Amino acid sequence: MTLSYRQKSGFGFAFLGVFLFSASLPLTKLALQSYDPLFTAFARPIIAAVIAIPLMVKANALSLPRALWRPMVFTTLGAVFGWPIFIALALQRSTSAHIAVIAAVMPLVTAIIAVIKHRRHPGRSFWIASLLGTCLLIIFALSRGGAKGENGVADILTIIAVFASAYCYVEGAGLTAYMPGWQVISWIVILGTPLSLLGAMAVYTHTHQHYSFHWNAFLSLLGIGISSMYLGFFAWYRGLRDLGVAHGSQVQQLQAILTLGWSALFLHEHITLSTVLAALGIVLCVLWAITTANAD
């Protein structure tokens, strides 16, 4: 199927968002040299809010219609607290490779939530492409050592994180019908800042004595807050709006491939032939899923 100009633009924005998100895991690994996992989770929205508040003041956009408070609060709970905190807790109990196996279902879960919420069914070809891509994504994660580090509690925490993140993607994309995506994520981090400040101070007070300061860890933490927590959502929400949440969510399957590239660059991780083959399959499935956008 031929995509419209808006849909092609949506794919570009969604890919840009995923590209910025993909550096999160390697940067988090570097940040953990100096900070507790929970501290990094609480610090992310605070860093983003430092940028968001002046931008919102300059745009005179610090007025949220009453009807939007409920979806905005729920989106904040998922984006600021749900995903970062539950993933941090999971990473304390398992390996990032094993967590990636469970989290591989996120694009599929996002699509399912979008279909339930908006009652638009993408069609059989989309679901086949999405399921196949998810399977390849799991194989991709397993090829990177995902079979190790099995932990029941960590798996449950990861599943909760996946649902929280998927829900905030769908709800946040819906809010772009009323304001630009950059204002949606700005409201999210601003609303999440008070509790994040309390959480960050509490965690830092009890954990800082166990860590030593490293500049690369500090810069990585800044990178997570600026890129993954804030700027990435500028493009991601725009992409979901223009391409459609169900189809746009499939672009996130590419995140694991991009993360591998960042990991090879920053952490010198080895890339095997099996991961390359799985990555190629994932790319094809994503393109297949997206080209069904006008087939429903």
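Go through (1) aromatic (Phe, Trp, Tyr); (2) surrounded by fewer than 21 Cβ atoms within 10 Å (Cβ to Cβ); (3) more than 21 Å from Gly192 (Cα to Cα) and name the single condition Phe74 misses.
(3)
Out of all the residues in the stretch 142-167, which are at pLDDT 85 or above and either open to solvent by 10 Å² or more (accessible area, probe 1.4 Å) or basic (Lys, Arg) (or both)?
Across the stretch 142-167, the qualifying residues are Ile156, Leu157, Ile159, Ile160, Phe163, Ala164, Tyr167.
Out of all the residues in the stretch 274-296, which are open to solvent by 50 Å² or more (accessible area, probe 1.4 Å) and at pLDDT below 70?
Of everything in the stretch 274-296, those that are open to solvent by 50 Å² or more (accessible area, probe 1.4 Å) and at pLDDT below 70 turn out to be Ser274, Asn294, Ala295, Asp296.
Confirm whether Ser63 is free of Cβ contacts under 8 Å to residues at least 12 places away in the same chain and either in a loop (DSSP other than H, G, I, E, B) or in contact with a strand residue (DSSP E or B) (Cβ under 8 Å, 6 or more places away or on another chain) (or both).
Here the answer is yes, as Ser63 does meet what is asked.
Can you name the number of the only condition in (1) farther than 21 Å from Tyr167 by Cβ; (2) modelled with pLDDT under 90; (3) hydrophobic (A, V, I, L, M, F, W, C); (4) surrounded by 15 or more Cβ atoms within 10 Å (Cβ to Cβ) that Leu62 fails?
For Leu62, the exception is condition (4).
Could you check how many residues of the stretch 198-247 are of a type in the set (A, V, I, L, M), within 15 Å of Phe39 (Cα to Cα) and over 14 Å from the mean Cα position of the chain (by Cα)?
Within the stretch 198-247, residues that are of a type in the set (A, V, I, L, M), within 15 Å of Phe39 (Cα to Cα) and over 14 Å from the mean Cα position of the chain (by Cα) number 9.
Applying the selection to the stretch 12-53, what residues are modelled with pLDDT of 85 or more, under 16 Å from Phe234 (Cα atoms) and of a type outside the set (A, V, I, L, M)?
Gly12, Phe13, Phe15, Gly17, Phe19, Phe21, Arg44, Pro45
Between residues in the stretch 198-212 that are surrounded by 15 or more Cβ atoms within 10 Å (Cβ to Cβ) and residues that are charged (D, E, K, R), which pairs lie under 8 Å by C-beta distance while being six or more apart or on different chains?
Val203/Asp36; Tyr204/Asp36; Tyr211/Asp36
Restricting attention to the stretch 80-114, and to residues there that are open to solvent by less than 30 Å² (accessible area, probe 1.4 Å) and in a loop (DSSP other than H, G, I, E, B), which single residue is farthest from Ile226 (Cα to Cα)?
Ser94
When you go through (1) under 14 Å from the mean Cα position of the chain (by Cα); (2) open to solvent by 10 Å² or more (accessible area, probe 1.4 Å); (3) not aromatic (Phe, Trp, Tyr) one by one for Val170, which number turns out not to apply?
(2)
Failed condition for Ile53, given (1) farther than 17 Å from Ile226 by Cβ; (2) assigned to a helix (DSSP H, G or I); (3) among the β-branched types (Val, Ile, Thr), with all others met?
(1)
Is it the case that some residue within the stretch 121-134 is open to solvent by 30 Å² or more (accessible area, probe 1.4 Å) and within 19 Å of Glu171 (Cβ to Cβ)?
no
Please determine whether any residue of the stretch 38-51 is open to solvent by 30 Å² or more (accessible area, probe 1.4 Å), touching a residue at least 60 places away in the same chain (Cβ under 8 Å) and under 16 Å from Val184 (Cβ atoms).
Yes, the conditions are met somewhere in the stretch 38-51.
Being outside any helix (DSSP H, G or I), out of contact with any Gly (no Cβ under 9 Å at 6 or more places or on another chain) and not aliphatic (A, V, I, L, M) is the filter here, so list the residues in the stretch 5-45 that pass it.
If the condition is that a residue be outside any helix (DSSP H, G or I), out of contact with any Gly (no Cβ under 9 Å at 6 or more places or on another chain) and not aliphatic (A, V, I, L, M), then Gln33, Ser34, Tyr35, Asp36 are the ones that fit.
The values are calculated or read from the model by the stated rules, or taken from the named source; none is laboratory data. Keep in mind the model is a prediction, meaning the values are calculated, not measured. Positions of Cβ are backbone-derived with ideal geometry, glycine not excepted, and every protein chain shown enters the neighbour counts. Surface areas here come from the heavy atoms of the whole protein model, side chains and all, with no ligands, DNA or RNA. Shrake-Rupley method; radii C 1.70, N 1.55, O 1.52, S 1.80 Å.
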